[in-house]
Each structure stands twice: as C-alpha cells, then as structure tokens.
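Structure first, commentary second.
Bear in mind these aren't lab numbers, they're just calculated from the coordinates by the rules spelled out. What you see is a predicted model; the values in this text were computed from it and never measured. Backbone-built Cβ (ideal geometry, glycine too); neighbour counts: all protein chains shown.
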C-alpha cells in the first residue's frame, strides 16, 4: 500500500470501524485503546466515554484536523498485529473480515500478515458484504484447512473463484513438496511421494492390505484433483472454464481433507 496516498473516510465508515474495534464483548480493552491511540499519536479526546464512542471521537477529531484517515489505518495495523492473536486465529479473522468490509470501499484489504494490500474497490455496501459473507459462509462455516487461505484469500475476497481454485490446488502441491522434499509437480509429484512399495509420505501405518489400499486411494484422489481442477485451469481461459462458488468450495473441501491427512503424517 502506498503510504503517500491520503485515505478519506466518511463519518459512517469511521463509526463502523470504531464499533468493530471497540466492541463491548470482543473488541479492544480500554487500556489497549489508550495505548494504541498514544502509539499512533492520536489524541484521546474522550477517555471517559464508552469504548467505541471513545474511538470514534478520537478518530473523527484527528481525521478532521489532518484531512486524512491514514492514522486510522495505522491504528488498525498496530491493534491487529498478528502476534497479539496467537491461538485465536478464528477470532482474529472474524475481526479482519468486518474491517475489510469498510476498507474495500477504499480498494484496501488488511490480511493476517499484518499488512495492507491494494484490491479492487467496491461501490456498494451489498457488494462489500457479499465479498466477506462469501468468504465467511463458505470457508469458515466448513472449517476448512487454514493453510488454504494463505494461497487464495485475495482471490476469494474478490469473488475470483476461478483463480482461487487454481491457487488452492497449487498450494496443495507446494505443501506436499515442502513436506517431502520432492520438487516434482502434479501426477509425477504424487507418484514419487505417495506411491510405490515404500512411499515417502504414508497416511497410515502402511502395513495391512487395507492400509495400503487406502494409501493407493489417497494417491489417486490427489491425482484426480490435479487432473480435474489444476490442469484444465492452467490451460483454459476463465471464459472457457466457468467456476461457480459451490464448485470452488467443494474443491476447497477436498483440498482441506487432503491437507488434514498430510498434517497427521
């Protein structure tokens, strides 16, 4: 994100951000609010007020004085520093998703690496909520593997399911390479890592015929995923290969199952 560009927030947007960050049950504590306001050199104009109103007063006053909302972005980045939410990633993402509804009006997205990224602007509240709700209802409700988000979060937030699916399958291959130390791709990667009389990665004890059959089935499942989703996506245009939200989420569920099995190796 360019630090030089001034971001002008509307009063309603400032209010919503203040309510998210100062939520009575899940937001910052009063002490934390005071600390981060001080770090961002924002005057704490109403320290006696309720949390969200305290934030709104401080944000709005500084915004009017500076004619810029960059201080609000600075506050968000400090308050939502990823290290502060270790072990609470689901909670952390829920806050980020709400914040990103407002940021999407400015072509911005805050990610769980603690940085802002440029993205396409939304022009209406329904469009902004639709982006986040798709992400929430699809990814979170299915409790999919968190690693998938690292590979396709940007595409999902932009409703770009075509490329999100492609990135998800690439992510699975990348994780297998890291786990096995094998640099192949696609079917060659699967054959070298999961097949043979002594696979590099075994999803079970690989002793009984049932276990060996499960290993072969898992290998075929992987090759089927790559052949069905990744290879066509790599060679066809988006127009020629339509990818719906439901199809994409089904792929994510399959990829999530695969990653959870690999995690247990």
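Table for the structure above
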quantity	calculated
Cα gyration tensor, segment 9-71 - rounded (a/c under 1.5), prolate or oblate	oblate
Additional length obtainable on full extension of the chain from residue 6 to residue 174, 0.36 nm per residue less Cα span	56.7 nm
Three-way shape label, segment 11-126, alpha-carbon gyration tensor, a/c 1.5	oblate
Label-point separation, residue 74 to residue 261 (7 Å along Cα→Cβ), nm	5.1
Projected label distance in nm at residue 53 and residue 210, using a 7 Å step from Cα toward the beta-carbon	6.5
Per-pair calculated FRET efficiency, R0 = 30 Å: residue 245 and residue 89 via Cβ, rounded to 0.05	0.80
Listed peptides 48-59, 7-18, 163-174 by packing density, highest first (mean Cβ within 10 Å)	163-174, 48-59, 7-18
